[in-house]
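The values are calculated or read from the model by the stated rules, or taken from the named source; none is laboratory data. Note that the structure is a prediction, hence the values are computed from the model and not measured. Ligands, DNA and RNA are excluded from the accessible area calculation, which covers all protein heavy atoms including side chains. Shrake-Rupley method; radii C 1.70, N 1.55, O 1.52, S 1.80 Å.
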Amino acid sequence: MEDNFNQPLDTGFRANEPSESREGFHITSEVRQYWKESANWGMFFSVLGFIYVGMMLLSFLPLIALGGREAAFAGMAMIIALAIIAPIVWLLFNFSRYTRKAVLYDDSAAAHVGFANLRRLFHLAGIIIIAVLVLYGIIFLIGLIGVSMRM
């Protein structure tokens, strides 16, 4: 079965029929409003994220001028932080942009792209959370080993 992404989001919605007789997934005006609000908040947070990334990049410049071992370590930490934060901000921005377009213009293709970006955002967040938990576990084990060696 081929998907037609050029149809409005609520194609085939018949509001007068009871929900048991309707088939498939239907988008109500209330859901559209929720999507629009989510897109607006996502855009707000992504703009804040872009500002944060810009401020991180600007604060990176004095580190380059300082040189030395400490500056190199701080620079590497900043690069790692940017590598984590920038894709999250970009995915949130794309979700917001395409979801807003989908709601405003009844564009199914834009909704598909927007929610695909949201899916990628959640995948990335899950990977980061798992990595942080593993790192905490390793630090905890190293701490336990260190305490046990002192006794």
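Before moving on, here are some points about what is shown:
- Residue in region 56-74 that is closer than 30 Å to ALA111 by Cα, among the aliphatic types (A, V, I, L, M) and at pLDDT 90 or above present: no
- Here ILE27 fulfils each of the conditions (1) among the aliphatic types (A, V, I, L, M); (2) open to solvent by less than 50 Å² (accessible area, probe 1.4 Å); (3) closer than 21 Å to LEU124 by Cα apart from (3).
Residues checked against (1) of a type outside the set (S, T, N, Q); (2) on the phi > 0 side of the Ramachandran plot; (3) open to solvent by 80 Å² or more (accessible area, probe 1.4 Å):
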site: ALA83; (1), (2), (3): yes, no, no
site: SER96; (1), (2), (3): no, no, no
site: VAL113; (1), (2), (3): yes, no, no
site: TYR136; (1), (2), (3): yes, no, yes
